[in-house]
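These notes concern the structure reproduced below.
The values are calculated or read from the model by the stated rules, or taken from the named source; none is laboratory data. The shown structure was predicted, so the numbers you read here are calculated from the model rather than taken from an experiment. Cβ sites come from the backbone with ideal geometry, for glycine too, and all protein chains shown count toward neighbours.
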Amino acid sequence: LQLSHDYFQGDSEDITCCVTVQSHLFITASADGGVRQYNSSTKKREWRKNYGEGITCASVDSQGTIMALGFCSGSWSAVNLSTRETVFEQKESTQPITTVQFAPNGSLLFVATKDLSALIYRHDGSHRFQRSARIGALSSFVISTDWDISSQFIRGNSSVGHIYHWSATNGELVDQASVRDVNWATCNCRLSYEAGCVAHSVEGITFISRSLSKDILAVGRDNGSLRLYSCPTLSTTKKTFSRRIISPQAKPSILSGLHLNMNRCDFRVLMIYEYKLGHPAADVARHLGRAFGIDCPCERTMQLWFRKFASGDFDLEVKAGRGRKWFLDEEVLEQPLMQIQRPILVS
């Protein structure tokens with residue numbers, strides 16, 4: 001028996017962003033300035049190049065020909081993906097670039113910096129970028145953006161939870177009523193219609209991204225776990241899957257079994273949310289029992305909790321018939337999700 005192995009150099013620093021080029025190609029960029037393109041079909045790296053300084057963000061245009069890279073030095077550049085050469089470079093600030101995002105039409109690029117400013121560039125197709133609008137006087141810097149499918153509006157989230165909507169024509173703020181029915185091309189903003197339920201109920205979110213099919217929402221957390229939700233997310237427990245990817249204490253990638261990665265605080269929010277959605281206590285108890293076994297709260301306990309919620313008491317401790325207090329053990333919440341035969345809750 002002969003075994004063959006393919007070895008290649010990985011990133012020496014943290015991976016800061018990952019962008020899709022085509023359905024089977026994606027690019028990662030890291031804090032050491034390295035950029036690598038991988039093929040998910042062949043499961044191999046196709047090329048790598050170092051651009052000399054730490055990369056904070058990246059975006060690829062709709063044609064998959066130009067990639068914008070934002071650097072921690074406050075500059076950004078456009079790279080031709082066929083030659084991997086820099087074709088345009090611009091210095092915006094002494095502060096890091098926080099986000100870059102191409103519009104769906106490929107002719108507009110949004111660039112934001114940490115010095116509370118943002119810019120919109122127009123791309124003419126010949127590797128030239130011209131500034132078309134400047135956005136200033138932000139109360140906090142922008143960390144994520146989305147374009148609408150017509151490339152007329154931009155949605156942004158700030159570092160302190162502000163939501164912005166701008167016109168791509170002049171960079172002016174627009175009323176939320178104007179974008180109420182807008183169809184967004186991506187979902188990178190955690191404070192949005194598609195992901196607002198997750199942002200409200202899940203702590204430690206580091207990124208959010210929507211699948212190309214637009215029906216799955218991927219959520220990364222600072223504890224090294226990745227969760228998948230249906231999109232738009234109407235419940236944080238319906239069709240929820242989770243995998244612990246990276247140990248929060250260690251840098252090496254440590255794969256483990258499929259887990260829910262919940263604590264008592266998460267579980268309390270989950271129960272209150274399902275109560276407010278109007279799900280019957282019996283259904284909640286039944287599906288949790290299928291997921292975690294006999295250690296989970298029974299139907300009677302769940303009904304007690306829901307009655308307490310109705311009276312305004314949102315504590316998760318109840319007294320059992322023999323007078324002892326019952327609460328969910330955190331070890332129970334770490335049971336493998338593989339045991340679940342169906343989504344935890346039904347709508």
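Some points to look at:
- Residue satisfying condition, being under 23 Å from the mean Cα position of the chain (by Cα) and among the basic types (Lys, Arg), within set Arg36, Arg45: Arg36
Matching residues to (1) surrounded by 20 or more Cβ atoms within 10 Å (Cβ to Cβ); (2) within 23 Å of the chain's Cα centre (by Cα):
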site: Ala103; (1), (2): yes, yes
site: Thr113; (1), (2): yes, yes
site: Leu116; (1), (2): no, yes
site: Ser126; (1), (2): no, no
site: Ser132; (1), (2): no, no
site: Ser140; (1), (2): no, yes
site: Trp147; (1), (2): yes, yes
site: Ser150; (1), (2): no, yes
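- Total residues in segment 188-237, condition acidic (Asp, Glu) and either within 10 Å of the chain's Cα centre (by Cα) or within 14 Å of Asp146 (Cβ to Cβ) (or both): 1
- Test: residue in segment 48-56 that is in contact with a strand residue (DSSP E or B) (Cβ under 9 Å, 6 or more places away or on another chain), hydrophobic (A, V, I, L, M, F, W, C), buried (at least 19 other Cβ atoms within 10 Å of the Cβ) and part of a strand (DSSP E or B): yes
- Residue check for Ile154: more than 21 Å from Asn50 (Cα to Cα), at pLDDT 95 or above and crowded, with 20+ Cβ neighbours inside 10 Å: yes
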